[in-house]
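Colleague: After the structure tokens below, expect a handful of questions from me.
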């Protein structure tokens with residue numbers, strides 16, 4: 001029987017530039033990139049089929065932090081924010097705890113300021129348009145997408161190398 005997916009993501013922290021702690025993360029919506037497909041319906045086929053376009057959808061993860069961090073608020077819309085990778089590190093699992101690390105480089109697109117509250121109850125959400133997206137579980141890379149360089153790795157295997165080689169030829 002297959003193992004059930006982790007139900008809890010706890011102890012999440014947000015770092016900028018790898019090691020500069022900035023905030024406690026209260027919620028995280030990863031928005032994993034997905035392969036883009038195109039519907040083809042041509043003579044000789046029994047019906048419409050989906051084919052891979054060798055492109056990936058943009059990931060736009062939403063990060064909710066505790067409190068109001070002026071430095072993070074100032075990153076929204078700032079082109080320089082693309083050069084400052086954000087790392088979220090937390091633990092998942094009910095019975096067996098595993099460390100999960102997500103690193104995102106991209107443009108800080110949006111912020112959602114809910115009702116103002118005291119620091120203990122304050123939350124602030126950010127949406128980042130990912131240019132580079134990496135997820136590791138227990139230190140092992142499970143997903144890496146670099147949109148600008150057209151690199152995609154799943155479980156360490158470069159699934160974009162063949163198509164990139166053909167495009168450069």
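The values are calculated or read from the model by the stated rules, or taken from the named source; none is laboratory data. The structure displayed is predicted, hence computed values, not measured ones. Cβ placement follows ideal geometry from the backbone for every residue including glycine, while neighbour counts extend to all protein chains displayed.
Colleague: Within region 62-74, restricting attention to residues that are within 17 Å of residue 107 (Cα to Cα) and in contact with a strand residue (DSSP E or B) (Cβ under 8 Å, 6 or more places away or on another chain), which residue is surrounded by the fewest Cβ atoms within 10 Å (Cβ to Cβ)?
Modeller: So, considering only residues that are within 17 Å of residue 107 (Cα to Cα) and in contact with a strand residue (DSSP E or B) (Cβ under 8 Å, 6 or more places away or on another chain), the one surrounded by the fewest Cβ atoms within 10 Å (Cβ to Cβ) is 71.
Colleague: Can you say whether residue 25 is surrounded by fewer than 16 Cβ atoms within 10 Å (Cβ to Cβ) and part of a strand (DSSP E or B), as far as the supplied structure shows?
Modeller: Working: surrounded by fewer than 16 Cβ atoms within 10 Å (Cβ to Cβ): no; part of a strand (DSSP E or B): yes.
In short, no.
Colleague: For region 52-70: of the residues being modelled with pLDDT of 85 or more and not in a loop (DSSP other than H, G, I, E, B), which is nearest to residue 161 (Cα to Cα)?
Modeller: Per the stated criteria, the residue is 62.
Colleague: Looking only at region 120-151, count every residue that is without any contact (Cβ under 8 Å) to a residue 24 or more places away in the chain, in a strand (DSSP E or B) and over 14 Å from the mean Cα position of the chain (by Cα) and tell me the total.
Modeller: Of the residues in region 120-151, 2 are without any contact (Cβ under 8 Å) to a residue 24 or more places away in the chain, in a strand (DSSP E or B) and over 14 Å from the mean Cα position of the chain (by Cα).
Colleague: Looking at 47, 77, can you tell me which residue is modelled with pLDDT of 85 or more, in a loop (DSSP other than H, G, I, E, B) and surrounded by fewer than 17 Cβ atoms within 10 Å (Cβ to Cβ)?
Modeller: Working: 47 fails: modelled with pLDDT of 85 or more.
When all the criteria are applied, what remains is 77.
Colleague: Answer yes or no as to whether residue 94 is over 17 Å from residue 26 (Cα atoms), surrounded by 16 or more Cβ atoms within 10 Å (Cβ to Cβ) and touching a residue at least 60 places away in the same chain (Cβ under 8 Å).
Modeller: Working: over 17 Å from residue 26 (Cα atoms): yes; surrounded by 16 or more Cβ atoms within 10 Å (Cβ to Cβ): no; touching a residue at least 60 places away in the same chain (Cβ under 8 Å): yes.
Taking the combined requirement at face value, the residue does not satisfy it.
Colleague: Continuing with this model, one more query. Within region 83-96, identify whether any single residue is under 27 Å from residue 137 (Cα atoms), assigned to a helix (DSSP H, G or I) and either at pLDDT 85 or above or out of contact with any strand residue (DSSP E or B) (no Cβ under 6 Å at 6 or more places or on another chain) (or both), and answer yes or no.
Modeller: We begin by selecting, within region 83-96, every residue under 27 Å from residue 137 (Cα atoms); these are 83-96.
Add one more test, that the residue is assigned to a helix (DSSP H, G or I), and what stays is 83.
Among the residues that remain, those that are also either at pLDDT 85 or above or out of contact with any strand residue (DSSP E or B) (no Cβ under 6 Å at 6 or more places or on another chain) (or both) are: 83.
Checked region 83-96: at least one residue is under 27 Å from residue 137 (Cα atoms), assigned to a helix (DSSP H, G or I) and either at pLDDT 85 or above or out of contact with any strand residue (DSSP E or B) (no Cβ under 6 Å at 6 or more places or on another chain) (or both).
Colleague: Right, next: Within region 12-38, which residues are free of Cβ contacts under 8 Å to residues at least 12 places away in the same chain and in contact with a strand residue (DSSP E or B) (Cβ under 9 Å, 6 or more places away or on another chain)?
Modeller: Of the residues in region 12-38, the ones free of Cβ contacts under 8 Å to residues at least 12 places away in the same chain are 19-21.
Listed by number, the residues that qualify are 19, 21.
Colleague: Now for a separate question. Looking for something crowded, with 17+ Cβ neighbours inside 10 Å, touching a residue at least 40 places away in the same chain (Cβ under 8 Å), assigned to a strand (DSSP E or B) and out of contact with any helix residue (DSSP H, G or I) (no Cβ under 8 Å at 6 or more places or on another chain) - is there at least one such residue anywhere in region 152-163? Outline the logic, then answer.
Modeller: Of the residues in region 152-163, the ones crowded, with 17+ Cβ neighbours inside 10 Å are 152-153, 160.
Pick out the ones that are also touching a residue at least 40 places away in the same chain (Cβ under 8 Å) and you get 152, 160.
In the following step, the residues that additionally are assigned to a strand (DSSP E or B) were identified as 152.
Filter again for out of contact with any helix residue (DSSP H, G or I) (no Cβ under 8 Å at 6 or more places or on another chain), leaving 152.
Yes, the conditions are met somewhere in region 152-163.
Colleague: Then there is this: Residue check: is residue 32 within 17 Å of residue 105 (Cβ to Cβ), surrounded by 12 or more Cβ atoms within 10 Å (Cβ to Cβ) and modelled with pLDDT under 80?
Modeller: Details: within 17 Å of residue 105 (Cβ to Cβ): yes; surrounded by 12 or more Cβ atoms within 10 Å (Cβ to Cβ): yes; modelled with pLDDT under 80: yes.
So residue 32 passes the test.
Colleague: OK, next. Determine which member of the set 141, 103, 148, 119 is buried (at least 16 other Cβ atoms within 10 Å of the Cβ), under 27 Å from residue 72 (Cα atoms) and either out of contact with any helix residue (DSSP H, G or I) (no Cβ under 8 Å at 6 or more places or on another chain) or at pLDDT 80 or above (or both). Full working, then the answer.
Modeller: Values: 141 fails: buried (at least 16 other Cβ atoms within 10 Å of the Cβ); 148 fails: buried (at least 16 other Cβ atoms within 10 Å of the Cβ); 119 fails: buried (at least 16 other Cβ atoms within 10 Å of the Cβ).
After ruling out the rest, the residue left standing is 103.
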